[in-house]
Amino acid sequence: MRMKEAALKGPTEEIKKVAEIEGIDPVKLARYIAKGYTVILRNIVHNVSPVAVGRGVRVKINANIGTSRDYINVDEEIEKAKVAKKYGADTIMDLSTGGDLDEIRRKIMSAVPMVIGTVPIYQAAEESLKKGKAIVEMTEDDMFNVLEKHFKDGVDFVTVHAGVTKAVVEKFKDSRRVVGVVSRGGAFLAAWIIHHGEENPYYKNYDYLLEMAAEYDVTLSLGDGLRPGGLPDATDFLQISELYTIGKLVKRAREKYVQAMVEGPGHIPIDQIEANVRMAKIASDNAPFYVLGPLVTDIAPGYDHIVAAIGGAIAAMAGADFLCYVTPSEHLALPTAEDVKEGVIATKIAAHAVNLTRFRDEFNWDYEMSKARGTLNWKKQIELAMDKEKALKVRTRRAPITDEHTCSMCGDLCAIEMVRKYLKIGRD
């Protein structure tokens, strides 16, 4: 039985297990799932530990990996997935657009046991190009056949840009967008609509899409194909119009017992983030909100993981549930494994900063670190660090000289050591 439908009868064994991990009453969690406020990401044919996203559970983070048409190295993408898992990503998305996409997806899923998401229209577009056709020459069958293939492979959640409608695309020419459309899936569908003069197949055949998703209990992540790609475009008519449509699509998904999330904007000024989160929650009746960043400034290429972490922390505090990481390579190049590590850690910090305000066991981590710092217990501090390797590297590259119990920042002028000495407090 589908998760949302089963939850109406109370907590299942799977819900109970998730509730124990999250530290939430299973009855309450079942109620949230039944209402659509929380989703459990796991395809029924995928043997993987489920991940809960939404109300009452921890803020989760996703790491994007995948090849491009310019750079195809399957082993490197598998390594990126392993790095993402090691440093705390809850899920990964395979966004590959180059090479044998079926093989790449299946190899990643086989190598790394994690909840996985995809954007199936990428493969539909790639297959069209391989046939010598333009992307806009994809057929409706092409789009849905790829979806079914991903579902059968065990993909747990998929981004579908069903909110990019003919009506909103026709309004695009009247907009004052500076950057335009930055979502690949959104661009593919907007171009398809313009070329054919017809409605978005995912929107037109949404009931059929829901039937397919229900069969495998795949969560639909309703994509923000018209998200702003620069601060001047934030919170404009196109973005909000799509969000309004997505809200209605969430309601239709719930009626068919299909789990659904809402994807959120990319580039948003810091003072608009809270309003954007609230609008999304109102429009979708509190569906889980999945945000890319948001990125709070456009001027930091090479540091966009930091830009996104700032926005992610603010968004999560305002009610966003799922943070998609951004790497230092964003806007510049396909990320490396090291970029993936930096992106995951930056986003993990943002999520943890919010989670520790809600969950005692998250706060305990910070409490133990504070105790270790207060007693100058360097071994314990390294053990507790989110990135132990980096913490140890920084600690040892400039080791203390004047007092081995301190660090080289203060040496024998260490405030903690000085007060401990005169109060005659011993070290751990």
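The values are calculated or read from the model by the stated rules, or taken from the named source; none is laboratory data. All values derive from a computational prediction rather than experimental measurement. Positions of Cβ are generated from backbone atoms using ideal geometry, with glycine treated the same way; all protein chains shown enter the neighbour counts. Protein only, heavy atoms only, side chains kept; ligands, DNA and RNA dropped before computing areas. Shrake-Rupley method; radii C 1.70, N 1.55, O 1.52, S 1.80 Å.
Okay, which of segment 197-213 sit inside 16 Å, backbone N to the point 7 Å along the Cα-Cβ direction of Ala134? Of the residues in segment 197-213, 197-198 have backbone N under 16 Å from the label point off Ala134. When each of the peptides 114-120, 91-97 is scored by how many other beta carbons lie within 10 Å of its residues on average, the order from highest to lowest is 114-120, 91-97. Cut-off 15 Å, label point 7 angstrom out along Cα-to-Cβ of Ile299: give me the residues of segment 214-232 whose amide nitrogen falls inside. In segment 214-232, the label zone of Ile299 (backbone N under 15 Å from the point 7 Å along Cα→Cβ) covers 231-232.
What does the highest-first list of 138-151, 49-62 look like by mean Cβ count within 10 Å? Don't jump to the answer; show the numbers that get you there.
Working: 138-151: 18.9, 49-62: 23.1.
For the peptides 138-151, 49-62, the packing ranking is 49-62, 138-151.
For segment 42-201, what Kirkwood radius comes out of the mean inverse Cα-Cα distance, in Å? Intermediate values should be presented prior to the final figure.
Values: mean 1/r = 0.0592 Å⁻¹.
Its Kirkwood hydrodynamic radius stands at 16.9 Å.
Dipole orientation for the chain: of the candidates Thr118, Trp365, Gly225, Trp365 has the Cα lying most toward the positive pole (charges on Cβ; Lys, Arg +1; Asp, Glu -1). Restricting attention to the chain, close to 15% of DSSP beta bridges with both partner residues there are antiparallel. Per residue, the accessible area of the chain comes to 46 Å², computed with a 1.4 Å probe over protein heavy atoms only.
Given a 1.4 Å probe and every protein chain left where it sits, what share in percent of the accessible area of the chain is carbon and sulfur? Let's see the in-between values first.
Working: 10480 of 19510 Å².
C and S fraction of accessible area: 54 percent.
Each residue of the chain gets 148 Å³ once the volume of the Cα convex hull is shared out per residue. Peptides 122-132, 251-261 ranked from most to least packed by the mean count of surrounding Cβ atoms within 10 Å: 251-261, 122-132. Each Lys and Arg Cβ is given +1 and each Asp and Glu Cβ -1; about its Cα centre, the chain then shows a dipole of about 1360 debye.
Remark on Ser221: its backbone amide H falls under 5 Å from those of Val158, Thr159, Val160, Met261, a criterion applied only to residues 5 or more positions apart or on other chains, H modelled at 1.01 Å from N.
Full-extension gain between Glu274 and Glu404, please, as 0.36 nm times their residue separation minus the C-alpha to C-alpha distance. Don't skip to the answer; put the middle values down first.
Numbers: separation 130, 0.36 × 130 = 46.80 nm, distance 4.61 nm.
Difference between extended and current length: 42.2 nm.
From helices alone, the chain scores -15000 deg cm²/dmol at 222 nm; the rule is -39500 (n - 2.57) for each run of n ≥ 4 DSSP H residues, then divide by the residue total.
Approximating the spin labels as points 7 Å out from Cα along Cα→Cβ, the Val419-to-Lys371 distance works out to 1.8 nm.
Which translational diffusion coefficient, to the nearest whole µm²/s, is obtained for segment 276-354 from the Stokes-Einstein equation, given a Kirkwood hydrodynamic radius over C-alpha pairs, 4 °C and 1.567 mPa s? Numbers along the way, then the final one.
Details: Rh = 12.6 Å.
Calculated translational D: 103 µm²/s.
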